[in-house]
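Take a look at the structure set out below.
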Amino acid sequence: IFCNWIILSSGFSDDGSSGFLDVYYIDESVLLKSGVKERIKQIVEDRSITKSGFDFKNIYKFLRTYNINLSGRVIDYKIIHLLLNPSSTDVNFEEVVKSYTGVSLESIETSLEKNLGERKLYFLACLIGLYGEIENKLLESLEKEGLSKLYFDIEGPLIRVLAEMEFKGVSVDLAYLNSLIHEYEINIKKLEEEIYNLCNQRFNINSPQQLSNILYGKLGLPVTKKTKKGLSTDAGTLTSIFDKHPVVEKILDYREKVKLKNTYIDVLPGLIDPEDKRIHTTYNQLGTSTGRISSIKPNLQNIPIRTELGREIRKAFIPGDGYNLLMSADYSQIELRVLAHLSEDTSLIEAFNKDEDIHTRTASEIFGVRYEEVDENLRRKAKAINFGIIYGMTEYGLGNRLSISEDEAKEYIKTYFERYPKVKKYIDYLIELAYKRGYTTTLFGRKRYIPELGSSNTRLRSLGERLAVNTPIQGSAADIMKLATVLLFDSLKSKSIDCNIILHVHDELVLELKEKDVEEVRKIVKKSMEDCIKLKVKLKVDIKTGKNWYI
């Protein structure tokens, strides 16, 4: 299947030649013609027939508009190529053709559309001939690189899931968004006036230079960070002088509101499809180097959840027509659970399997207090340390995060590794292995090449070492999430439950459903996400339901 062409073939021989049966150029007039749609539907929906082609996510959505549901195993040249080339996040068909056949075709899509008669048939014949060669080489490379299981168990089946999510979209409360726009306009204007009054001067709050002159020149606030362009006014710097003047809090509040308004609240209404009243985001299943799914137009994964203002935006996302409930299913500390499994650290494994709060347990271990006596401040510090270990945070980084000295941060990290010795051993092993091989892998064999490790620049090598540690952990968590998504989608379909997965946000899935099905769906979600893989620690998912995404 390619663009608007469907080539029905008996398959490819070892030399790449094809014995094709039939060829259809698909457009509305053809699909509406008697007999043609039925013939295509019969074959495309036959689960026993493997389909090959490029960019099946878009092909799936195109066919869905004509009530044709692509089924069966797919060999997607785009996804396989990206798996084999993990440093790439996108590729077009011409690049794939050139990579595996050496043939340069200047925009096959344009050629097929513009060339008529014999010339069009010539291009089509070239395309058919090249397909077999490309497919054989892609599948051989998958097997050679140990990525066949990753593709056929996770990435291949995931294509259909993401396509269906994009096709279905997510319903949005336009009236609520409009009220939020009005509310933000009033609040931002009020904050502007408060900032001007506190500074006794009107100025451009969005200008770093003017703001710097006011804060450090006029108000005489302490300078904590300098940049090439002058004195810093970034969020971290302002947070560090938060208590030095009341205007700092107002500026941070103003910035957050302006950013949320410009990025989401003003933008979302214009993205609502006028026909189905839903927003259709685009998911890129290989859009990040760790394998995590990314989202664009709009990026629904970046709506803040840690602040109340960000969470307010989630109220705009609601069940669509025919549904009356949203369900959020969020993995609990999946990356730390993956770390416990991979490092085989007894203390970490024990904490999770006892259902202890891992941050409280870490605080107890590091600060030498009883588990029951850990307060919120100690837990906050332990949380920063736990996630800092995963992301390879330095003493300087941890010190900044906790507003403590580097020496104190160094002591925290040292104590952590004394309490969790196998974590330290595992991290050292990952770095050593990455230096030796030039890449690192996830639990499922996904690779990430790390050229930074070969750099003569110390800073770049340190970055490479952090990537060598983080990628197996975050990447394995991403693979688990993808596998769980596929299993959940298949389980819901197999039981014919009228329920849709409508959002995929890092470690969280959001579904729309009917209230009568809530208990059955809850059980399926829990089983799909917690039992998708057997680790040395239990996977745990937190499930909530509500009338909107503010759950």
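Summary of computed values
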{"read-out": "Of 150, 286, 439, farthest towards positive along the dipole that unit charges on Lys, Arg, Asp, Glu beta carbons give the chain", "value": "439"}
{"read-out": "Charge-dipole axis of the range 252-390 as Lys and Arg at +1 and Asp and Glu at -1 on Cβ define it, positive-most pick from 318, 262, 332", "value": "262"}
{"read-out": "C-alpha center-to-center spacing [the range 267-315, the range 42-83] in angstrom", "value": "25 Å"}
{"read-out": "Two-site label geometry, residue 519 and residue 417: point separation in nm, points 7 Å out along Cα→Cβ", "value": "5.2 nm"}
{"read-out": "Estimated distance in nm for a label pair at residue 344 and residue 183, the labels positioned 7 Å out from Cα along Cα-to-Cβ", "value": "5.3 nm"}
{"read-out": "Listed peptides 76-86, 271-281 by packing density, highest first (mean Cβ within 10 Å)", "value": "76-86, 271-281"}
{"read-out": "Mean separation of Cα contacts under 8 Å, 6 or more apart, over the residue count of the range 480-551: relative contact order %", "value": "30 percent"}
{"read-out": "Mean accessible surface per residue for the chain, computed with a 1.4 Å probe while every protein chain stays in place, in Å²", "value": "48 Å²"}
{"read-out": "Sulfur and carbon atoms: percent of accessible area, the range 303-404 [1.4 Å]", "value": "45 percent"}
{"read-out": "Taking only Cα atoms of the range 432-551, radius of gyration then Dmax in Å", "value": "18.9, 62"}
{"read-out": "Rounded tilt (10° steps) of 406-419 against the dominant C-alpha axis of the chain", "value": "60 degrees"}
{"read-out": "Whole-Å distance, taken between Cα centres, linking the range 149-215 and the range 406-450", "value": "35 Å"}
{"read-out": "Principal-axis tilt of helix 518-530 within the chain, Cα atoms, nearest 10 degrees", "value": "90 degrees"}
{"read-out": "Relative contact order computed over the range 154-286 (Cα-Cα under 8 Å; 6+ residues apart), in percent", "value": "38 percent"}
{"read-out": "Estimated [θ] at 222 nm from DSSP helical runs (n ≥ 4, -39500 (n - 2.57)) normalised by residues in the chain, nearest 500", "value": "-16000 deg cm²/dmol"}
{"read-out": "Proximal charge balance of residue 399 [Cβ under 12 Å; K/R count +1, D/E count -1]", "value": "-2"}
{"read-out": "Mean Cβ count within 10 Å, highest first, over the residues of peptides 49-62, 375-388", "value": "49-62, 375-388"}
{"read-out": "Relative contact order, percent, the chain [alpha-carbon distance under 8 Å, six or more residues apart]", "value": "15 percent"}
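The values are calculated or read from the model by the stated rules, or taken from the named source; none is laboratory data. This is a predicted model, so every value here is computed, not measured. Methodologically, a virtual Cβ is constructed for each residue, glycine included, from the backbone with ideal geometry; neighbour enumeration extends over all protein chains shown. Protein only, heavy atoms only, side chains kept; ligands, DNA and RNA dropped before computing areas. Shrake-Rupley method; radii C 1.70, N 1.55, O 1.52, S 1.80 Å.
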